[in-house]
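Heads up, the thing below is written out as structure tokens.
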Amino acid sequence: MKVLTWISDHLLHFVLIVGAFSLIFPQPGSSLGWLVTPVLAVMVLNVSMTIKAEDLKQLKQHPFVILWSVFLQFVPMALFALLLGKLFGPWDDIRTGQLLLGSLPADVSAPLMVYLAGGSTAVGTAMLVMAMALTPFVLPNVLAWLGGVAFEVPVSYLVGELVGIIVVPVVFGIFLNYRSEKVREKEQLWAGIASLCYITLLFVVVSANAKAIIALKVFALLVLLAEIALNLFGYMLAFLSRLVLKRKEVFLPLLFLVSSKEFGIASAAVDTMKLNSALMIPSAFFAVVQMISSPIMVKIVKKYKVDQKA
């Protein structure tokens, strides 16, 4: 248990080391794509086992903020992604891929970051579930209105992810927390296992995209800067929301939900519609950016809290 707690406390260091290793030596992890779905489910389950029954009462206090987070995930992020897409000039598929990325819901790992930063995991999970549930309806309309793109949502993928990776593990995790005192006592253990899952996902994701990233050479820098800008814009929206809404207790869920994107949907869409693989380039870069920036932001938030108490 102490080892897993230590991993959780030093997640940023592991992310930087594993990320660099996966980029330089992608071969070991490039064939492990089959691990993503079960590892995500285990991660969500362990994060949900930290949610207590009383935490769910917070959802009644913040219905507007939960809806607000969904709006931010889809609309301002998509608009900014559309603007960033103009950087790619004649590369139509990459420009469309950038808009697709900006129109996606938050990443499944976001509630873990909320927990590690000391925020309300229950509120973060509710924001994620609602956004994922609305994605089949919102995503094609956003792409049509903003980019004139006819888009077929990979419904089977989304339903499978929503039910198998999110809803079932969340409900089961909360049930275990409610029924077992031992589960409640070992909260740090579940966070450690979830952090280990996150590191595994990073290893697989970076390894799978390393060749594509390196192959772009100088152009990769432009794409990388665009994805960093999109990620930072998400953080900025959360900070602005905190100033306007004046609700500090929901700031951390907004911070990690709005700034992240469920990049796996882009890959599923390309496979479903037999589209040009170039559409996945922005999502591949963003996957690496957010999986490194999120633990960095956790570190910043925790340091800020310590400084505030000092």
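The values are calculated or read from the model by the stated rules, or taken from the named source; none is laboratory data. The model shown is predicted, which means the values in this text are computed figures rather than measured ones. In this analysis, Cβ positions are derived from the backbone assuming ideal geometry, glycine residues included, and neighbour counts consider all displayed protein chains.
Miscellaneous remarks
- Each residue in the range 44-82 was checked for being over 18 Å from Ala144 (Cβ atoms), among the aliphatic types (A, V, I, L, M) and under 22 Å from the mean Cα position of the chain (by Cα), and 12 of them qualify.
- Residue in the range 166-180 that is closer than 21 Å to Pro38 by Cβ, buried (at least 20 other Cβ atoms within 10 Å of the Cβ) and of a type in the set (Phe, Trp, Tyr) present: no
- Of all the listed residues (Lys299, Lys261), the sole one being closer than 23 Å to Leu100 by Cα and at pLDDT 90 or above is Lys261.
- Answer from Asp107, Asp93, Asp55 - the residue that is part of a helix (DSSP H, G or I), under 26 Å from Lys299 (Cβ atoms) and charged (D, E, K, R): Asp55
- Scanning the range 21-44 for any residue that is within 18 Å of Val123 (Cα to Cα), in contact with a helix residue (DSSP H, G or I) (Cβ under 6 Å, 6 or more places away or on another chain) and either of a type in the set (Gly, Ala, Ser) or crowded, with 18+ Cβ neighbours inside 10 Å (or both) turns up at least one such residue.
- Exactly one residue among Ser48, Ser109, Ser120, Ser69 is hydroxyl-bearing (Ser, Thr, Tyr), within 17 Å of Leu254 (Cα to Cα) and in contact with a Phe, Trp or Tyr (Cβ under 8 Å, 6 or more places away or on another chain), and that residue is Ser109.
- The range 145-161 - residue that is loosely packed, with under 13 Cβ neighbours inside 10 Å and part of a helix (DSSP H, G or I) and, of those, modelled with the lowest pLDDT: Val155
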